[in-house]
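Trainee: The structure is given below, and queries will be raised subsequently.
The values are calculated or read from the model by the stated rules, or taken from the named source; none is laboratory data. The model shown is predicted, which means the values in this text are computed figures rather than measured ones. No Cβ is skipped: glycine too gets one built from the backbone with ideal geometry, and neighbour counts run over all protein chains shown. Heavy atoms of the whole protein, side chains included, go into the accessibility calculation; ligands, DNA and RNA do not. Shrake-Rupley method; radii C 1.70, N 1.55, O 1.52, S 1.80 Å.
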Amino acid sequence: MAKEATLQVRMDADLKVKVEILYRNMGTTFAEAVRIFAKQSILENGMPFIVTANSGNTYGRLSKYADLSKKVLEEGAYERAMVEKNEKTD
């Protein structure tokens with residue numbers, strides 16, 4: 001598949017080094033892992049893993065990385081989108 005787009009992500013330099021080592025040890029690259037993540041997200045129609053607010057389990061531990069300012073904006077977004085969609089079709 002021809003590469004048609006570039007994705008740039010800013011992250012902590014130490015995190016980048018660690019994740020690159022992790023994927024190199026797995027026989028792939030961080031860039032390929034991102035492509036796999038994107039493809040799996042499409043197949044799952046969402047995150048390809050469970051994310052919860054329960055910090056007591058593996059998935060909930062991810063919540064500490066959440067951007068709380070975005071969470072406020074996203075609250076009720078699905079419901080608002082459905083109302084908008086139905087209003088446009090009426």
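Trainee: Considering only segment 34-48, state which residues are assigned to a helix (DSSP H, G or I), open to solvent by less than 60 Å² (accessible area, probe 1.4 Å) and more than 16 Å from A5 (Cα to Cα). Break it down stepwise before answering.
Mentor: Step one: of segment 34-48, the residues assigned to a helix (DSSP H, G or I) are 34-44.
With open to solvent by less than 60 Å² (accessible area, probe 1.4 Å) added as a condition, the list becomes 34, 38, 41.
Once the filter is applied, which keeps residues that are assigned to a helix (DSSP H, G or I), open to solvent by less than 60 Å² (accessible area, probe 1.4 Å) and more than 16 Å from A5 (Cα to Cα), segment 34-48 yields only S41.
Trainee: Considering only segment 50-72, state which residues are of a type outside the set (S, T, Y), surrounded by 10 or more Cβ atoms within 10 Å (Cβ to Cβ) and either at pLDDT 80 or above or assigned to a helix (DSSP H, G or I) (or both).
Mentor: Correct list: G60, R61, L62, K71.
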